[in-house]
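The values are calculated or read from the model by the stated rules, or taken from the named source; none is laboratory data. No experiment lies behind these values; they were computed from the predicted model shown. A quick note on method: Cβ atoms are made from the backbone with ideal geometry, for glycine too, and the neighbour counts reach across all protein chains shown. The protein model used for the area step is the full one, side chains on, heavy atoms only, and it has no ligands, DNA or RNA in it. Shrake-Rupley method; radii C 1.70, N 1.55, O 1.52, S 1.80 Å.
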Amino acid sequence: MPQDHRYQALSKEVEAEIHEEEVTATKAKKKYFVTKTIIALLCGVLLVPTATWIFGPTDLIEGELVQSFGSEGRQPVSLCEATDLLSIQAPRKTAETLPDIWKNLSIKEATDIREWLWQPERGLNLTKSAIAADNDNAIFLIEAYVPPKAAALAYLNGSAEAPPKYAHAVVHHGNTEQIMDYLIGPLPLSSETSMRPLTEIYHRPEIPYNAHGFNPNSTTMGLLLGSTFGPMSDITMDLFGGISKGHVNDTLIGSATAPMSYDGSWRKAWVGLKLDVPGHYLFPVDLYAYFDLSGTDPSQWKLLKLVYNGQVFASEAEFRKAWSEGKLNKSKKPLLNDTSEWATRTRPRSVSFDGLRFRVDQEEQYLTWMDWSLYLGFERDMGLNFWDINFKGERIIYEISPQEAMAQYSGTDPHQATTVFLDRAFGMGASVKELMVGYDCPAEAVYLPATVHTATGSSIRLNAICVFEKDSTKPLSRHTGWLKDEMGAIKGYELTVRSISTVGNYDYLFDLTLQLDGTLELRVSASGYLQGGVWDPSQAPYGHQIRDTSMGSLHDHVINYKVDFNIAGTRNSLMSAMLEMEETTAPWVDEDWGETFKQQRVVRKMIKSENDSKLEYAKNMEGMYIVTNEEEHNSWGNARGYAIHPGASTIHLTNLDCKRTENNVNWAKHSLAVTRRHDNEPYSSSMWNIHLPGKPTVDFYKFFDGESLEQEDLVVWLNLGTHHLPRAEDSPQTLTNVLCAAHPYNFHDYDVSMDALNAIILNAPEPGKPWKIDENGAKPSYCMPRKLPDFSYTGLLQFEEDGSPATPAEIIEQRRIAESWHGLHAQI
């Protein structure tokens, strides 16, 4: 390959310097200069930076060859292979047929449906969501509806055409105070398209309006906060040094708790105030207001009580009277002149030297790597999900999808003690953020967009999903031995698919990691800000002081996943394999040790029905659960299967007897559970469950009706999470943890990672001879990493309800949109 002329220039200058050293070595200044040059050249990886240091800034890093000098003389060093994405076409893809039957709607499809719903023939009398009041009818959500599994498998197996495409739309009927979920199809829209109420996936026929999500138009809430806290400005200025009038320049902002209802018959919420500063989650002030927000008529909304430093007041007048008469027992005033910026923020590069080894059909979001293949999906409620996961040409899992993420807090104040957040309501997918290239994922990762359709229109988040291969930095297997071919190791390469959602104060990192031996790992890592509480010594049982008047509050994180295993087909069973101790004897027992001995043994038991399938992990990890196919065996007669391991996450919800979590988070009350699969049980939760703990739209326990689990189509519902007792090191932002994994269990005949070429075999040499090394011809190439592009960040591409691009928002408006989920910046 001919050298780029710029590198020719560099080579000539380098050679000139070397020649000058040979000829004029006695000149101290030049000798010093050339010595540094030679040292740099001998350190090949430092060639370009050192040349830049010597010769000044240059663009000579864009060529194809450089010269390296080592013990063997000059050697050409290539630039690394381009890490451009390798192309692939998803199976069954034609000009007429797109194979990703789980893909969300395009912006055009969603816009067409929105306009179709607006037409008078539908009889919905809709108002645009951005301006709709609570008593108007408005669209809250439009999204693709997942096809029935039987139809999907028939299509994937080649025995049927692609199933008809449908969408579902959630409409807030404010004028009748009800919420309806409609099924719309078939698509594309035609004279055959119809709509009907979608009720079969819920456990109550109606969705009460008091369970509604957080409406885009927050004007009425802003008026309420302004009319409540505005007249108290002199009090809040005295107690906290700030005011809250519902204006953009407020120095105090409001934050509401959840749930706001028990069964949908009413809607009430605690609203606490915080200092409007960076990291405001950590700056609460000690004033809480309890509001009745029932119904759609804001004139009927009212303040029920106020709480300050544990003192309860029935009205603003009663609170004012105590303040003006000096009868308030005052809490410590927050530091307003703290300039430390303690709540704000005031690595080696990963390089694929031989280029990328995975492929993506970006249009269909179909992914392959080594022996793996799968489809990606995305939805408003919980974001990234995965479909038709195959390993070595066999489907092992039909669906992996996050279902719900909850956080329940503790404390002595009404904000901490009453908070139970279910983040599906806020839209984990709608809250997905653009990944920071080189920080959230490696610079060379492949980045994919995500599209969601919500009340205010459609949006595309660029760089919302990343895919990257990495070296785990430990061997997948290894051994040091001395006989022929017994010593060696297998490199632990992994492929990760990641997205990150920021819901209020917390950032959730969702990872699916694939490994060479067929193992999958699900990991959810939480970072971001704590929900801070106001510190006083009575709060000690519920957290730790992290600043002068701030504390980190004790809470549980529990995240639920649906894993629809298909082990050698859809006929699967559930086995527990537990360790037990036994005392036994044998003819060879030596009497010096007694007549018996104790040891552990495996007790295998089939879990036959849903009556026994709400499960906990074994004490001391003395056992596991396995999804098996009892009709399919490996070569050694073992039923093929996949075992479920909790990894570092063995938890479930701590508080099992709480009215605020009575029936809406039953999935969180066990480590995992297994049910018979049904199309009308697609989710363990719903966006309305947050406000309906007494009578939820999806009651997970109603999935369990005694059905057989023997050779049936099974779904595993498993939990990841952590009991988070915050510490000082969790400020300003928390660190990441939480994981769960599944791996093959008698699924193969042998360790299939042995097939990987990324391995090495070492054989011991004869005395004085070199070791015999076999790397299967897969040695990493030596090359110069390419220059990274400058960091860029796009943000959100927003579209109006008619599908037209939205006007770029001012910073304050962007913040209002991002944080409106919990009532921040509600404006008059």
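Within the group 580, 521, which residue is among the acidic types (Asp, Glu), part of a strand (DSSP E or B), over 30 Å from residue 395 (Cβ atoms) and at pLDDT 90 or above?
Of 580, 521, the one residue that is among the acidic types (Asp, Glu), part of a strand (DSSP E or B), over 30 Å from residue 395 (Cβ atoms) and at pLDDT 90 or above is 580.
To keep it simple, each residue is scored yes or no on (1) within 32 Å of the chain's Cα centre (by Cα); (2) part of a strand (DSSP E or B); (3) farther than 19 Å from residue 799 by Cα.
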position	(1), (2), (3)
101	yes, no, yes
110	yes, no, no
141	yes, yes, no
181	yes, yes, yes
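Could you pull out every one of the strands (runs of 3 or more DSSP E) wholly within the range 225-341 that has 2 or more residues that are among the charged types (D, E, K, R)?
Ranges flagged: 268-275, 284-292, 302-308.
Counting just the residues of the range 552-575 that are assigned to a loop (DSSP other than H, G, I, E, B) and of a type in the set (A, V, I, L, M, F, W, C), which one comes out least open to solvent (accessible area, probe 1.4 Å)?
Per the stated criteria, the residue is 567.
Show me the strands (runs of 3 or more DSSP E) found entirely inside the range 377-455 where at least 2 residues are of a type in the set (D, E, K, R) and touching a helix residue (DSSP H, G or I) at 6+ places or on another chain (Cβ under 9 Å).
By residue number, 394-409.
Please find, among 722, 697, the residue that is surrounded by 15 or more Cβ atoms within 10 Å (Cβ to Cβ), more than 30 Å from residue 206 (Cα to Cα), of a type in the set (Ser, Thr, Tyr) and modelled with pLDDT of 70 or more.
Values: 697 fails: more than 30 Å from residue 206 (Cα to Cα).
So the residue among 722, 697 that is surrounded by 15 or more Cβ atoms within 10 Å (Cβ to Cβ), more than 30 Å from residue 206 (Cα to Cα), of a type in the set (Ser, Thr, Tyr) and modelled with pLDDT of 70 or more is 722.
Scan the range 278-305 residue by residue and report those that are open to solvent by 50 Å² or more (accessible area, probe 1.4 Å) and under 32 Å from the mean Cα position of the chain (by Cα).
Selection gives 278 alone.
Can you pull out every residue in the range 186-201 that is farther than 18 Å from residue 696 by Cβ and polar (S, T, N, Q)?
Those that are farther than 18 Å from residue 696 by Cβ and polar (S, T, N, Q): 190, 191, 193, 194.
Could you please tell me which pairs satisfy a Cβ distance under 6 Å, a separation of 6+ or placement on different chains, a first residue in the range 108-124 that is open to solvent by 70 Å² or more (accessible area, probe 1.4 Å), and a second residue that is assigned to a helix (DSSP H, G or I)?
none
Restricting attention to the range 482-497, and to residues there that are acidic (Asp, Glu) and surrounded by fewer than 17 Cβ atoms within 10 Å (Cβ to Cβ), which single residue is farthest from residue 402 (Cα to Cα)?
Taking the candidates together, the pick is 485.
Check the range 219-232 and report whether any residue there is open to solvent by 20 Å² or more (accessible area, probe 1.4 Å), within 27 Å of the chain's Cα centre (by Cα) and closer than 30 Å to residue 253 by Cβ.
For the range 219-232, residues open to solvent by 20 Å² or more (accessible area, probe 1.4 Å), within 27 Å of the chain's Cα centre (by Cα) and closer than 30 Å to residue 253 by Cβ: absent.
Among the residues that make up the range 122-133, is at least one of them outside any loop (DSSP other than H, G, I, E, B) and over 30 Å from the mean Cα position of the chain (by Cα)? Break it down into steps so the answer makes sense when it comes.
Step one: filter the range 122-133 for residues outside any loop (DSSP other than H, G, I, E, B), giving 122, 126.
Filter again for over 30 Å from the mean Cα position of the chain (by Cα), leaving 122, 126.
Within the range 122-133, one or more residues are outside any loop (DSSP other than H, G, I, E, B) and over 30 Å from the mean Cα position of the chain (by Cα).
Filter the range 529-551 down to the residues that are among the small types (Gly, Ala, Ser) and either outside any strand (DSSP E or B) or surrounded by fewer than 19 Cβ atoms within 10 Å (Cβ to Cβ) (or both), then identify the one that is farthest from the chain's Cα centre (by Cα).
So, considering only residues that are among the small types (Gly, Ala, Ser) and either outside any strand (DSSP E or B) or surrounded by fewer than 19 Cβ atoms within 10 Å (Cβ to Cβ) (or both), the one farthest from the chain's Cα centre (by Cα) is 538.
Could you please tell me which pairs satisfy a Cβ distance under 7 Å, a separation of 6+ or placement on different chains, a first residue in the range 192-206 that is within 13 Å of residue 680 (Cα to Cα), and a second residue that is open to solvent by 70 Å² or more (accessible area, probe 1.4 Å) and of a type in the set (S, T, N, Q)?
Close Cβ pairs (under 7 Å, with a partner that is open to solvent by 70 Å² or more (accessible area, probe 1.4 Å) and of a type in the set (S, T, N, Q)) amount to 200/680; 201/680.
So if I check each of 206, 177, 161, which one is farther than 29 Å from residue 257 by Cβ, modelled with pLDDT under 95 and not assigned by the TED database to the domain that holds residue 259?
161
Need the failing condition index for residue 651 against (1) surrounded by 13 or more Cβ atoms within 10 Å (Cβ to Cβ); (2) in a strand (DSSP E or B), just the number.
Only one criterion is unmet by residue 651, namely (2).
State the number of residues belonging to the range 583-606 that are open to solvent by 80 Å² or more (accessible area, probe 1.4 Å), in a strand (DSSP E or B) and over 27 Å from residue 626 (Cα atoms).
Final tally of qualifying residues: 0.
Is there a residue being on the phi < 0 side of the Ramachandran plot and under 12 Å from the mean Cα position of the chain (by Cα) anywhere in the range 466-487? If you could, list the steps in order and put the result at the bottom.
Within the range 466-487, the subset on the phi < 0 side of the Ramachandran plot is 466-472, 474-484, 486-487.
Subset that is under 12 Å from the mean Cα position of the chain (by Cα): 466.
Yes, there is a match, as at least one residue in the range 466-487 is on the phi < 0 side of the Ramachandran plot and under 12 Å from the mean Cα position of the chain (by Cα).
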